1. Taking only protein heavy atoms into account and a 1.4 Å probe, give the accessible area per residue of segment 133-207 in Å².
2. Can you send over the carbon and sulfur percentage of the accessible area for segment 3-97, probe radius 1.4 Å, protein chains only?
3. Hey, any idea what % of segment 162-207's accessible area is carbon plus sulfur with a 1.4 Å probe?
4. Compute the relative contact order of the chain as a whole-number percentage, counting only Cα pairs closer than 8 Å that sit 6 or more residues apart in sequence.
5. For T96 and K150 in one chain, what is 0.36 nm times their gap in residues minus the Cα-Cα distance, to one decimal in nm?
6. For segment 1-67, count the residues as N, evaluate 2.2 N^0.38 Å, and divide the Cα radius of gyration by that value, please.
7. In Å², what does the accessible area per residue of segment 1-48 work out to with a 1.4 Å probe?
8. Which aspartates and glutamates have a Cα less than 18 Å from the Cα of K197, not counting those fewer than 8 places away in the same chain?
Amino acid sequence: MNSKEIFNKVNEILLKSNKPSKEIRRLIENGEFDKEPFEMIKKLENVEQNLKYHPEGSVLNHILLVVDKASEVKKLSENERVFMWSALLHDLGKLTTTKIRRGKITSYNHDVEGEKIGKNFLDMVSNDKKFNEDVSKMIRYHMQPLFYDKNLPFFDPQNMINDVKYKEIALLSFCDRLGRGNLSLETINNEKERIEKFKQYFKTYKG
């Protein structure tokens, strides 16, 4: 398959499979993700994460858990195609931002970097400019619920709502938080509460 054929195949998997990770793993093992730009996703297997926050290990392991979680809730999204591709590509920015600082693995600014990388990725395989832009904006803002929750200065509500729907970001962030290996019921419920607080904030947000 050429790159556009792989894109179409992955698109079908993301929209139709109940567990996309299995089929995406198979494509990687068969060498289909050796082609540009899909090698970016394959390279995530070699990008490690802080095990305190990501016991599942590599970024590739994480995003495959996220797309499986996303497939369970995609019917809640206003645009399943944008949502599922955002889940798959949301951490591409970790390719260029992952570093060891004071003995810890970090990936500061991977959301901002990921927007550019994701847009370049999609521009190589998709002629749908609106789709490419919509996915890249979802990547850009996928960390906003965490920034809100932690009261961090990177929280950017006005620009976020100018570019994306807050409910879509909340849904993506929920999948991102749950794509971390075996989580207790208490942890899952805590994550649900945090996402609800984020949504409540925007229900009354005046800008």
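The values are calculated or read from the model by the stated rules, or taken from the named source; none is laboratory data. The model shown is predicted, which means the values in this text are computed figures rather than measured ones. Using ideal geometry, Cβ is built from the backbone for each residue, glycine included, and neighbour counts are taken over all protein chains shown. In case anyone asks, the SASA skips ligands and DNA or RNA and just uses the protein heavy atoms, side chains included. Shrake-Rupley method; radii C 1.70, N 1.55, O 1.52, S 1.80 Å.
1. Heavy-atom SASA per residue in segment 133-207 reads 54 Å².
2. 46 percent
3. 45 percent
4. 19 percent
5. Result: 17.0 nm gained on full extension.
6. 1.13
7. 57 Å²
8. K197 reaches D149, D156, E168, D176, E186.
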